[in-house]
Amino acid sequence: MNSPRVSKLMKKPGRVLSRLSSRSSDAIRKAAWRLSKGRAESTVPIFIVGAQRSGTTMLGECLGRSPSIQNLGESDPRAFTSFLLRDNETVVNLIADCPYEHLIFKPLKDSCRVDELLALDPAAKGIWAFRDYADRINSAVRQFGRHPLDVFEQFKRGEAPAWQLVGMSA
């Protein structure tokens, strides 16, 4: 039995093939460019953070198309476990081992730690993605249904906060 995500993708095979083809050609183009340029002397880490459904994935994917940028999205197991950024030592090692000029991390669940993450490397940069609150909420409701409201109701009752509310006070 297919998962809901697989079932959804199967309804749009042309779109899926187009995205795979585009990603494959991007990977080939980037690999060729990297071979012609060699390893970068240093890597600038970039942390893209923001509220859920604010455009962080789109921003990371757009920037990641550049041949001088490696994008480690929140589902990349080298940098993330269950969408949480791995330990600081792992992050520092990924930066040191990166052959690209820029390395993007999209630690959405770690947005509350952005100061700590920026302190890992003196050259580190941060981008806070912002989207109009009404558009962000409408997108979240379309994507997740009632779940965002349930999270806030749990928070109001004093139950353990979900990752979306880490650092908030009642």
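Note on the range 108-117: residues that are hydrophobic (A, V, I, L, M, F, W, C) and open to solvent by 40 Å² or more (accessible area, probe 1.4 Å) amount to 1.
Okay, residues lined up against (1) open to solvent by 30 Å² or more (accessible area, probe 1.4 Å); (2) among the basic types (Lys, Arg); (3) over 10 Å from the mean Cα position of the chain (by Cα); (4) within 24 Å of Ala140 (Cα to Cα):
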position	(1), (2), (3), (4)
Ala51	yes, no, yes, yes
Gly60	no, no, no, yes
Asn71	yes, no, no, yes
Val91	no, no, yes, no
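Residue count for the range 78-89 under the criterion of being basic (Lys, Arg) and either surrounded by 14 or more Cβ atoms within 10 Å (Cβ to Cβ) or part of a helix (DSSP H, G or I) (or both): the result is 1.
Taking into account only those residues within the range 118-152 that are within 30 Å of Ile95 (Cβ to Cβ) and assigned to a loop (DSSP other than H, G, I, E, B), which is most open to solvent (accessible area, probe 1.4 Å)? Step by step, filter the range 118-152, then rank; the result is Phe130.
Evaluated against (1) under 18 Å from the mean Cα position of the chain (by Cα); (2) part of a helix (DSSP H, G or I); (3) under 30 Å from Arg29 (Cβ atoms); (4) without any contact (Cβ under 8 Å) to a residue 24 or more places away in the chain, Asp115 falls short on exactly one condition, (3).
For the residues Phe155, Phe105, the requirement of being open to solvent by less than 80 Å² (accessible area, probe 1.4 Å), among the aromatic types (Phe, Trp, Tyr) and within 16 Å of the chain's Cα centre (by Cα) singles out Phe105. Would you confirm, using the coordinates I've provided, whether Arg15 is at pLDDT 80 or above, over 30 Å from Asn93 (Cβ atoms), of a type outside the set (Gly, Ala, Ser) and touching a helix residue (DSSP H, G or I) at 6+ places or on another chain (Cβ under 9 Å)? When the stated conditions are applied, Arg15 does not pass them. Kindly indicate whether Ser75 is in a helix (DSSP H, G or I), hydroxyl-bearing (Ser, Thr, Tyr) and either in contact (Cβ under 8 Å) with a residue 60 or more places away in the chain or open to solvent by 50 Å² or more (accessible area, probe 1.4 Å) (or both). In short, no. No other residue among Pro67, Pro99 is in contact with a helix residue (DSSP H, G or I) (Cβ under 7 Å, 6 or more places away or on another chain), at pLDDT below 95 and surrounded by fewer than 16 Cβ atoms within 10 Å (Cβ to Cβ) apart from Pro99. Working only within the range 34-49, note down all residues that are part of a helix (DSSP H, G or I) and either open to solvent by less than 20 Å² (accessible area, probe 1.4 Å) or within 27 Å of Pro122 (Cβ to Cβ) (or both). Selection gives Arg34, Lys37.
The values are calculated or read from the model by the stated rules, or taken from the named source; none is laboratory data. In this text, all values refer to a predicted model and were calculated from it rather than measured experimentally. Don't worry about glycine lacking a Cβ; one is built from the backbone with ideal geometry, like all the others, and counts go over all protein chains shown. Accessible surface areas use protein heavy atoms only, side chains included; no ligands, DNA or RNA. Shrake-Rupley method; radii C 1.70, N 1.55, O 1.52, S 1.80 Å.
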